[in-house]
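**Student:** Sharing a structure here in structure tokens format.
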Amino acid sequence: SRIPTGRLLDYTVAATLSGDSTIPSVTAIKYVSVDYNFVPTYGITMAAGRNFSKDYGTDTSNYILNETAVKALGWNTINAVGKDFKYGTVSGHVIGVMKDFHFESMHQLIAPMVLVMYPPAYFNNLSVKFSGSNTTKSLAYLESTWKKFIPDIPFEYHFLDENFDRLYESEQRQGTLFTTFACIAIFIASLGLLGLSAFTISQRIKEIGVRKVLGADTSGIVVLLSKEFLILVAIAALIAFPVAWYSMHNWLKDFAYRVNIQWWVFLVAAVVALFVVLVTVSFQTIKAAVANPVKSLKAD
């Protein structure tokens with residue numbers, strides 16, 4: 001049997017009758033072979049109908065569909081329960097509809113899926129849900145029990161949450177890489193701004209002195225000196241934001257289920273950039289604004 005985080009590679013054609021038609025319509029639906037405990041073990045929510053039960057002997061030839069499969073067959077969730085359903089060569093009925101869930105990575109669309117009862121001999125995976133927090137003790141018990149009944153086959157295990165993490169390892173690495181380079185870029189840009197502001201102010205030191213002699217206050221001079229850098233940031237944002245949107249849009253296209261790029265993300269980025277600029281150049285501008293104008297004009 002397959003387990004969530006695996007791949008739904010195999011499918012079989014399902015045949016159903018719609019309306020008064022005597023000609024069956026066929027739909028390709030991927031399957032997962034399960035036993036009576038699959039649904040409760042994985043916490044799957046039933047949208048309609050019921051789970052497989054040992055109280056019903058015919059359940060071995062009945063089926064549970066997901067909501068996507070129901071839509072693909074042209075039914076709705078409520079009236080699907082009780083419908084005749086032939087999967088491969090086995091005819092039965094739909095006894096339940098489960099809510100859609102991500103069996104595979106979110107890079108793939110949720111596929112039409114059917115749960116099919118299979119004898120235990122066909123299974124190659126055993127799912128165990130721990131009820132306590134002592135994982136080490138539980139694993140030791142499982143291993144001893146396994147060796148007791150199947151000593152010739154090695155006991156191998158993995159955790160479902162780790163499997164889900166592995167599905168997105170590439171994205172996690174990219175996120176770490178982007179964050180690291182972003183921090184380096186901000187640091188280098190801040191050093192450049194610091195040097196540029198020092199150079200610009202040194203070129204205008206006499207102008208600042210004249211303005212102070214003529215009555216300009218400190219806040220006015222700080223605004224005057226900072227304004228040029230803020231204009232540069234605005235120009236840089238106009239260039240960078242379209243490139244950022246295009247790059248994010250192309251990256252998100254790899255996901256079947258993705259978030260929309262919101263305008264406020266760019267607004268926050270602009271505010272952060274302005275804040276970094278103001279913090280970086282404020283030391284130089286305030287220092288120049290409060291300096292004694294006599295010193296700057298002495299040479300003249």
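Coordinate-derived values only; no laboratory data. All values derive from a computational prediction rather than experimental measurement. Every residue, glycine among them, receives a Cβ derived from its backbone with ideal geometry; neighbour counts consider all protein chains shown.
**Student:** In whole Å, how far is the Cα centre of the stretch 152-185 from that of the stretch 188-243?
**Tutor:** Measuring centre to centre over Cα atoms gives 44 Å.
**Student:** As an exercise, use a Förster radius of 51 Å and the Cβ-Cβ distance of residue 77 and residue 283 to find the FRET efficiency, rounded to the nearest 0.05. Don't skip to the answer; put the middle values down first.
**Tutor:** Values: r = 64 Å, r/R0 = 1.25.
After rounding to 0.05, the efficiency reads 0.20.
**Student:** Follow-up. To the nearest 0.05, what FRET efficiency results for residue 276 and residue 122 with a Förster distance of 51 Å applied to their C-beta separation? List each step's numbers first, then the result.
**Tutor:** Working: r = 60 Å, r/R0 = 1.19.
Computed FRET efficiency for residue 276 and residue 122: 0.25.
**Student:** Another question about this same structure. At q = 0.08 Å⁻¹, what base-10 log of I(q)/I(0) does the Debye formula yield for the chain when every alpha carbon is treated as an equal point scatterer in vacuo?
**Tutor:** -0.62
**Student:** At 0.36 nm per residue, and after removing the present C-alpha to C-alpha distance, how many nm does the segment from residue 232 to residue 131 gain when stretched out fully?
**Tutor:** On the way: separation 101, 0.36 × 101 = 36.36 nm, distance 5.89 nm.
Taking 0.36 nm per residue and subtracting the Cα distance, the gain is 30.5 nm.
**Student:** Which order results if 224, 65, 109 are arranged by neighbouring Cβ count within 10 Å, fewest first? Please list the in-between numbers first.
**Tutor:** Numbers: 224 16, 65 31, 109 11.
The most exposed by this proxy come first: 109, 224, 65.
**Student:** Still on this structure, please answer the following. By how many degrees, between 0 and 90 and to the nearest 10, does the Cα long axis of helix 135-149 differ from the longest principal axis of the chain?
**Tutor:** Value to nearest ten degrees: 30.
**Student:** What pairs from 54/148; 99/129; 54/99 go past 29 Å between their alpha carbons?
**Tutor:** Working: 54/148 27 Å; 99/129 20 Å; 54/99 22 Å.
Check vs 29 Å cut-off fails for no pair.
**Student:** For a footprinting-style exposure proxy, rank 34, 223, 243 by other Cβ within 10 Å, fewest first. List each step's numbers first, then the result.
**Tutor:** Values: 34 24, 223 13, 243 9.
Taking fewest neighbouring Cβ atoms as first place, the list is 243, 223, 34.
**Student:** Ok, one more. In Å, what Rg and Dmax follow from the Cα atoms of the stretch 48-118?
**Tutor:** 12.1, 39
**Student:** While we're on this one: Using θ = phi - 60° and the Karplus curve 6.51 cos²θ - 1.76 cosθ + 1.60, what whole-Hz ³J(HN,Hα) does each residue of the stretch 165-178 get, with Gly and Pro shown as x?
**Tutor:** Result, rounded to whole Hz: 4, 5, 4, 10, 4, 4, 5, 5, 5, 4, x, 5, 5, 5.
**Student:** Additional query: Is the shape of the stretch 24-178 rounded, prolate or oblate, going by the alpha carbon gyration tensor and its root eigenvalues a ≥ b ≥ c, with a/c under 1.5 for rounded and a/b larger than b/c for prolate?
**Tutor:** Details: a/c = 2.25, a/b = 1.31, b/c = 1.72.
Because a/c hits 1.5 or more and a/b fails to exceed b/c, the stretch 24-178 counts as oblate.
**Student:** Moving to a separate point now. How high is the FRET efficiency between residue 146 and residue 168 when r is their beta carbon distance and R₀ equals 51 Å, given to the nearest 0.05? Numbers along the way, then the final one.
**Tutor:** On the way: r = 30 Å, r/R0 = 0.59.
The value I calculate is 0.95.
**Student:** Can you sort 143, 156 from fewest to most other Cβ atoms within 10 Å of each residue's own Cβ? Don't jump to the answer; show the numbers that get you there.
**Tutor:** Working: 143 13, 156 7.
Lowest to highest Cβ neighbour count: 156, 143.
**Student:** Which far-off residues, 5 or more places away or on another chain, put their amide H under 5 Å from the one on residue 48, with H placed in the peptide plane?
**Tutor:** 97
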